[in-house]
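Structure first, then comments.
The values are calculated or read from the model by the stated rules, or taken from the named source; none is laboratory data. Here the structure is a predicted model, which is why all the values come from computation and not from measurement. Because the Cβ atoms are built from the backbone with ideal geometry, glycine has one as well, and the counts that use them run over all protein chains shown. The area values use the complete protein model at the heavy-atom level, side chains included, leaving out ligands, DNA and RNA. Shrake-Rupley method; radii C 1.70, N 1.55, O 1.52, S 1.80 Å.
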Amino acid sequence: MIRLLGRADSSNVRKVLWAAAEMELALAREDYGGPFGKTDTPDYRTMNPNGLVPTLVDGDVTIWESNTIIRYLAAAYAPGKNFGGRDAASAARIGQWMDWQLGTLNPPLHTIFLQIVRLGDKRDEKVVQASTDSVNKLLDGVLAKALPREGFLLGAGVTAADVCIGAMLHRYVSLLGSDALDQRVAAYHQALSQRPGFKTHVAIGKP
Ligand SMILES: N[C@@H](CCC(=O)N[C@@H](CS)C(=O)NCC(=O)O)C(=O)O
(Lines give C-alpha, C1' and ligand atoms only; values in the text may rest on other atoms or scores of the structure.)
Protein backbone atom coordinates (compact mmCIF):
# COMPACT_ATOMS: atom_id res chain seq x y z
CA MET A 1 0.00 0.00 0.00
CA ILE A 2 1.29 3.46 -0.85
CA ARG A 3 1.51 5.61 2.30
CA LEU A 4 0.90 9.34 2.36
CA LEU A 5 2.11 10.99 5.55
CA GLY A 6 0.31 14.24 6.28
CA ARG A 7 -2.75 15.69 7.98
CA ALA A 8 -5.90 15.72 5.81
CA ASP A 9 -6.44 19.48 6.15
CA SER A 10 -3.04 20.50 4.77
CA SER A 11 -3.56 22.15 1.38
CA ASN A 12 -0.57 20.26 -0.03
CA VAL A 13 -1.85 16.91 1.26
CA ARG A 14 -5.31 17.71 -0.17
CA LYS A 15 -3.78 18.28 -3.62
CA VAL A 16 -2.13 14.85 -3.55
CA LEU A 17 -5.30 13.12 -2.33
CA TRP A 18 -7.38 14.75 -5.07
CA ALA A 19 -4.78 13.83 -7.68
CA ALA A 20 -4.78 10.21 -6.49
CA ALA A 21 -8.59 10.17 -6.69
CA GLU A 22 -8.43 11.41 -10.31
CA MET A 23 -6.05 8.50 -11.06
CA GLU A 24 -8.26 6.07 -9.09
CA LEU A 25 -5.27 5.27 -6.95
CA ALA A 26 -5.68 4.20 -3.32
CA LEU A 27 -3.35 5.84 -0.79
CA ALA A 28 -3.13 5.01 2.91
CA ARG A 29 -2.97 8.43 4.55
CA GLU A 30 -1.53 8.76 8.05
CA ASP A 31 -1.83 11.80 10.34
CA TYR A 32 1.45 13.70 10.55
CA GLY A 33 2.14 17.39 11.08
CA GLY A 34 0.07 20.14 12.70
CA PRO A 35 -1.51 18.92 15.97
CA PHE A 36 -0.33 15.37 15.22
CA GLY A 37 3.36 16.35 15.23
CA LYS A 38 5.73 13.46 14.47
CA THR A 39 7.54 15.52 11.80
CA ASP A 40 10.46 16.43 14.06
CA THR A 41 11.65 12.91 14.78
CA PRO A 42 14.95 11.68 13.32
CA ASP A 43 13.06 9.02 11.36
CA TYR A 44 10.73 11.55 9.75
CA ARG A 45 13.58 13.99 9.04
CA THR A 46 15.41 11.18 7.25
CA MET A 47 12.41 10.81 4.97
CA ASN A 48 11.74 14.54 4.65
CA PRO A 49 14.54 16.88 5.80
CA ASN A 50 12.12 19.85 5.74
CA GLY A 51 9.96 18.39 8.49
CA LEU A 52 6.89 19.35 6.44
CA VAL A 53 3.97 17.38 5.01
CA PRO A 54 3.22 15.59 2.76
CA THR A 55 5.72 12.76 2.41
CA LEU A 56 4.99 9.77 0.18
CA VAL A 57 6.36 6.31 0.96
CA ASP A 58 6.00 3.73 -1.79
CA GLY A 59 8.08 0.71 -0.89
CA ASP A 60 11.70 1.84 -1.13
CA VAL A 61 10.74 5.15 -2.70
CA THR A 62 10.32 8.19 -0.44
CA ILE A 63 9.35 11.55 -1.95
CA TRP A 64 8.56 15.00 -0.56
CA GLU A 65 7.19 18.16 -2.29
CA SER A 66 3.51 17.75 -3.13
CA ASN A 67 3.78 18.49 -6.84
CA THR A 68 6.70 16.10 -7.24
CA ILE A 69 4.68 13.44 -5.43
CA ILE A 70 1.83 13.99 -7.93
CA ARG A 71 4.27 13.77 -10.86
CA TYR A 72 5.72 10.56 -9.42
CA LEU A 73 2.29 8.95 -8.95
CA ALA A 74 1.27 9.89 -12.49
CA ALA A 75 4.51 8.55 -13.99
CA ALA A 76 4.49 5.35 -11.91
CA TYR A 77 0.78 4.50 -11.89
CA ALA A 78 -0.83 6.32 -14.82
CA PRO A 79 1.96 6.43 -17.41
CA GLY A 80 1.02 7.84 -20.81
CA LYS A 81 -2.38 8.97 -19.52
CA ASN A 82 -3.91 12.39 -19.98
CA PHE A 83 -3.69 13.24 -16.25
CA GLY A 84 0.11 13.46 -16.12
CA GLY A 85 0.73 13.88 -19.85
CA ARG A 86 0.77 11.44 -22.73
CA ASP A 87 4.24 12.42 -23.94
CA ALA A 88 7.17 14.65 -23.01
CA ALA A 89 5.58 17.79 -24.45
CA SER A 90 2.18 17.38 -22.76
CA ALA A 91 3.86 16.39 -19.45
CA ALA A 92 5.94 19.56 -19.63
CA ARG A 93 2.89 21.72 -20.40
CA ILE A 94 1.20 20.27 -17.32
CA GLY A 95 4.40 20.68 -15.31
CA GLN A 96 4.79 24.34 -16.20
CA TRP A 97 1.39 25.11 -14.67
CA MET A 98 2.22 23.03 -11.59
CA ASP A 99 5.41 25.04 -11.15
CA TRP A 100 3.46 28.26 -11.74
CA GLN A 101 1.02 27.24 -9.00
CA LEU A 102 3.75 26.53 -6.48
CA GLY A 103 6.26 29.22 -7.37
CA THR A 104 4.13 32.12 -8.59
CA LEU A 105 0.49 31.85 -7.48
CA ASN A 106 0.96 30.26 -4.07
CA PRO A 107 3.27 32.84 -2.41
CA PRO A 108 0.83 35.81 -2.44
CA LEU A 109 -2.12 33.50 -1.74
CA HIS A 110 -0.24 31.98 1.20
CA THR A 111 0.29 35.49 2.58
CA ILE A 112 -3.47 36.13 2.40
CA PHE A 113 -4.08 32.78 4.14
CA LEU A 114 -1.61 33.56 6.93
CA GLN A 115 -3.01 37.05 7.43
CA ILE A 116 -6.69 36.07 7.50
CA VAL A 117 -6.58 32.60 9.11
CA ARG A 118 -3.58 32.79 11.38
CA LEU A 119 -3.60 36.49 12.39
CA GLY A 120 -7.38 37.01 12.34
CA ASP A 121 -8.19 40.41 13.89
CA LYS A 122 -4.50 41.26 14.01
CA ARG A 123 -4.10 41.08 10.25
CA ASP A 124 -2.63 43.96 8.30
CA GLU A 125 -5.30 44.99 5.76
CA LYS A 126 -2.70 46.67 3.56
CA VAL A 127 -0.79 43.40 3.25
CA VAL A 128 -4.02 41.52 2.51
CA GLN A 129 -4.96 44.08 -0.17
CA ALA A 130 -1.52 44.09 -1.82
CA SER A 131 -1.42 40.28 -1.92
CA THR A 132 -5.01 40.13 -3.20
CA ASP A 133 -4.07 42.56 -5.99
CA SER A 134 -1.11 40.32 -6.91
CA VAL A 135 -3.24 37.18 -7.01
CA ASN A 136 -5.99 38.90 -9.03
CA LYS A 137 -3.39 40.08 -11.53
CA LEU A 138 -2.17 36.50 -11.97
CA LEU A 139 -5.67 35.04 -12.25
CA ASP A 140 -6.92 37.72 -14.67
CA GLY A 141 -3.75 38.36 -16.62
CA VAL A 142 -2.37 34.82 -16.89
CA LEU A 143 -4.86 32.08 -16.00
CA ALA A 144 -7.99 33.63 -17.54
CA LYS A 145 -6.14 34.28 -20.80
CA ALA A 146 -4.78 30.73 -20.96
CA LEU A 147 -8.05 28.94 -20.22
CA PRO A 148 -9.79 27.57 -23.30
CA ARG A 149 -13.40 28.62 -23.80
CA GLU A 150 -14.55 25.24 -22.53
CA GLY A 151 -13.15 22.35 -20.55
CA PHE A 152 -10.06 22.41 -18.41
CA LEU A 153 -6.72 24.18 -18.65
CA LEU A 154 -5.16 21.81 -21.16
CA GLY A 155 -8.26 20.53 -22.92
CA ALA A 156 -11.24 18.30 -22.29
CA GLY A 157 -9.76 16.11 -19.54
CA VAL A 158 -8.59 17.02 -16.04
CA THR A 159 -4.83 17.00 -15.57
CA ALA A 160 -2.48 17.42 -12.63
CA ALA A 161 -2.28 21.12 -13.55
CA ASP A 162 -6.00 21.52 -12.87
CA VAL A 163 -5.71 19.78 -9.51
CA CYS A 164 -2.85 22.04 -8.36
CA ILE A 165 -4.53 25.23 -9.53
CA GLY A 166 -8.00 24.07 -8.45
CA ALA A 167 -6.81 23.64 -4.86
CA MET A 168 -5.58 27.26 -4.95
CA LEU A 169 -8.90 28.51 -6.37
CA HIS A 170 -10.69 26.74 -3.53
CA ARG A 171 -8.48 28.61 -1.07
CA TYR A 172 -9.03 31.93 -2.86
CA VAL A 173 -12.84 31.56 -2.96
CA SER A 174 -12.99 30.34 0.66
CA LEU A 175 -11.02 33.36 1.86
CA LEU A 176 -12.16 36.13 -0.49
CA GLY A 177 -15.33 34.94 -2.23
CA SER A 178 -15.81 34.69 -5.98
CA ASP A 179 -17.12 38.18 -6.83
CA ALA A 180 -13.80 39.51 -8.09
CA LEU A 181 -13.03 36.43 -10.18
CA ASP A 182 -12.89 36.70 -13.95
CA GLN A 183 -15.97 34.94 -15.42
CA ARG A 184 -13.95 32.22 -17.10
CA VAL A 185 -11.91 31.55 -13.95
CA ALA A 186 -15.12 31.37 -11.91
CA ALA A 187 -16.60 28.84 -14.37
CA TYR A 188 -13.37 26.84 -14.27
CA HIS A 189 -13.48 26.77 -10.46
CA GLN A 190 -17.13 25.72 -10.64
CA ALA A 191 -16.31 22.83 -13.02
CA LEU A 192 -13.43 21.64 -10.85
CA SER A 193 -15.56 21.80 -7.72
CA GLN A 194 -17.86 19.14 -9.27
CA ARG A 195 -15.03 16.55 -9.32
CA PRO A 196 -15.59 13.84 -6.70
CA GLY A 197 -11.95 14.12 -5.56
CA PHE A 198 -12.37 17.86 -5.01
CA LYS A 199 -15.55 17.32 -3.00
CA THR A 200 -14.01 14.62 -0.82
CA HIS A 201 -10.54 15.97 -0.23
CA VAL A 202 -10.45 19.72 -0.94
CA ALA A 203 -13.84 21.18 0.00
CA ILE A 204 -13.63 20.07 3.61
CA GLY A 205 -14.87 23.31 5.16
CA LYS A 206 -11.42 24.89 5.39
CA PRO A 207 -9.65 27.33 3.05
N1 LIG B 1 6.33 23.02 -0.98
C2 LIG B 1 5.93 22.04 0.00
C3 LIG B 1 5.30 22.77 1.16
C4 LIG B 1 4.96 21.84 2.30
C5 LIG B 1 4.29 22.61 3.44
O6 LIG B 1 4.49 23.82 3.61
N7 LIG B 1 3.49 21.89 4.21
C8 LIG B 1 2.81 22.48 5.35
C9 LIG B 1 1.33 22.07 5.33
S10 LIG B 1 0.45 22.63 3.88
C11 LIG B 1 3.39 21.93 6.63
O12 LIG B 1 4.02 20.89 6.66
N13 LIG B 1 3.16 22.66 7.75
C14 LIG B 1 3.61 22.19 9.05
C15 LIG B 1 2.77 21.10 9.60
O16 LIG B 1 1.69 20.78 9.07
O17 LIG B 1 3.18 20.53 10.62
C18 LIG B 1 4.96 21.04 -0.68
O19 LIG B 1 4.30 21.46 -1.63
O20 LIG B 1 4.87 19.89 -0.26
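Using only the alpha carbons of the range 2-77, determine the length spanned along each of the three principal axes and report them from longest to shortest in whole angstroms.
31, 25, 18
When DSSP assigns beta bridges and you keep just the ones with both residues in the range 2-77, what percent turn out antiparallel, to the nearest 5? Kindly include the intermediate steps, with their values, before the conclusion.
Values: 7 of 11 bridges.
Here the antiparallel bridges make up roughly 65 percent for the range 2-77.
Given the alpha-carbon gyration tensor of the range 88-201, what are the semi-axes of its equivalent ellipsoid in whole angstrom, ordered largest first, with each equal to the square root of 5 times an eigenvalue? Could the numbers behind the result be given before it?
On the way: eigenvalues 123, 43, 36 Å².
With the √(5λ) rule applied to the range 88-201, the semi-axes are 25, 15, 13 Å.
Looking at the chain, send over the antiparallel percent of its DSSP beta bridges, to the nearest 5.
If we restrict to bridges inside the chain, about 65 percent are antiparallel.
How much accessible area per residue does the range 88-201 have, counting only protein heavy atoms and a probe of 1.4 Å, in square angstrom?
Per residue, the range 88-201 has an accessible area of 50 Å².
With each run of n ≥ 4 DSSP H residues scored as -39500 (n - 2.57), what mean residue ellipticity at 222 nm is computed for the chain after dividing by its residue count and rounding to the nearest 500 deg cm²/dmol?
-13500 deg cm²/dmol
What ranking do 75-83, 155-163 get when scored by the average of other Cβ atoms within 10 Å per residue, highest first?
Top to bottom by mean Cβ count within 10 Å: 155-163, 75-83.
When only alpha-carbon atoms count, how far does the chain stretch along each of its three principal axes, as whole angstroms with the largest first?
Rounded to whole Å, the extents work out to 45, 44, 25 Å.
Local charge sum around residue 4 (other residues, Cβ-Cβ under 15 Å, Lys/Arg +1, Asp/Glu -1)?
+1
On a C-alpha basis, how far is the centre of the range 133-207 from the centre of the range 1-69 in Å? Whole number, if you could?
23 Å
Round to a whole number: what % of the accessible area of the range 137-207 belongs to carbon and sulfur, probe 1.4 Å?
Carbon plus sulfur share of accessible area: 51 percent.
Mind scanning 38/137; 38/199; 137/206; 15/38 and naming the pairs with a C-alpha gap bigger than 30 Å?
38/137
Between residue 28 and residue 142, what is the label-point separation in nm under the 7 Å Cα-to-beta-carbon projection?
Result: 3.9 nm between the two label points.
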